[in-house]
Amino acid sequence: MTFDELLRSSGLTRPRTIVPESEKPWRKAVYVLAGHLHAAAGVWDITTILGSCVAVCIWDPVAGVGGMNHYMLPWDAGSTSGGLRYAAYAIPRLIEELLSLGGNRGRFNAEIFGGACVLRHVQHGECDLGARNIEAARRLLEAARIPIVHEDVGGQHGRRLTFSTDDGSCKLRII
């Protein structure tokens, strides 16, 4: 009996196939700076590096669209710029971009990364900025009714993150 026959007989489905990176020459790649975002349909690897900043990755598995933002501050202190360096603008804008690419809010799922306390002189005290950035992501995603399926937040080290829009996978390296 083959593996597929065994799965069918048990009522299970085949797990998604993970293709090694070396076999993915067709992939497009982009680096997202702080205060920016990238949303795309198709096969993209979106990379960023985070300290106290937070990146939110949102993916629609049916439409095959996904994106990442990278914001530095939770709430705008009254400026009218609406800059993407603030969670209050970056998260709604990412959602809008994904909807414009054919995504469906009811199928979105989110992952949150970052919010570390990387400055040594405040590591033993209260590390407010990273924690506030994390809380902003949680609150805004809850208000948008988008479930958070995974998070890797806080701590004292930065992170290098790569999000793949085709399968919603994230690769994380502590730096």
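The values are calculated or read from the model by the stated rules, or taken from the named source; none is laboratory data. Small disclaimer: the values here were computed from a predicted structure and weren't measured. Neighbour counts run over all protein chains shown; Cβ positions are idealised from the backbone, glycine included. Heavy atoms of the whole protein, side chains included, go into the accessibility calculation; ligands, DNA and RNA do not. Shrake-Rupley method; radii C 1.70, N 1.55, O 1.52, S 1.80 Å.
For residues that are assigned to a loop (DSSP other than H, G, I, E, B) and out of contact with any strand residue (DSSP E or B) (no Cβ under 8 Å at 6 or more places or on another chain), scanning just segment 128-154, find the one that is modelled with the lowest pLDDT. Talk me through it step by step, then tell me what you get.
Within segment 128-154, the first condition is being assigned to a loop (DSSP other than H, G, I, E, B), and the residues that meet it are 144-147, 154.
Narrowing the set further to residues that are out of contact with any strand residue (DSSP E or B) (no Cβ under 8 Å at 6 or more places or on another chain) leaves 144-145, 154.
Values: 144: 98, 145: 98, 154: 95.
Checking each candidate, the answer is 154.
Out of (1) at pLDDT 95 or above; (2) small (Gly, Ala, Ser); (3) loosely packed, with under 13 Cβ neighbours inside 10 Å, the odd one out for residue 79 is which?
All conditions are met except number (1).
Filter segment 94-127 down to the residues that are surrounded by fewer than 19 Cβ atoms within 10 Å (Cβ to Cβ) and modelled with pLDDT of 95 or more and list them by number.
Those that are surrounded by fewer than 19 Cβ atoms within 10 Å (Cβ to Cβ) and modelled with pLDDT of 95 or more: 96, 97, 99, 100, 101, 102, 104, 105, 106, 107, 109.
Please specify each residue of segment 162-175 satisfying the condition of being open to solvent by less than 30 Å² (accessible area, probe 1.4 Å), in contact with a Gly (Cβ under 8 Å, 6 or more places away or on another chain) and part of a strand (DSSP E or B).
Pass one, segment 162-175, residues open to solvent by less than 30 Å² (accessible area, probe 1.4 Å): 162-165, 167-168.
Filter once more, keeping what is in contact with a Gly (Cβ under 8 Å, 6 or more places away or on another chain): 163-165, 168.
Hits for segment 162-175 are 163, 164.
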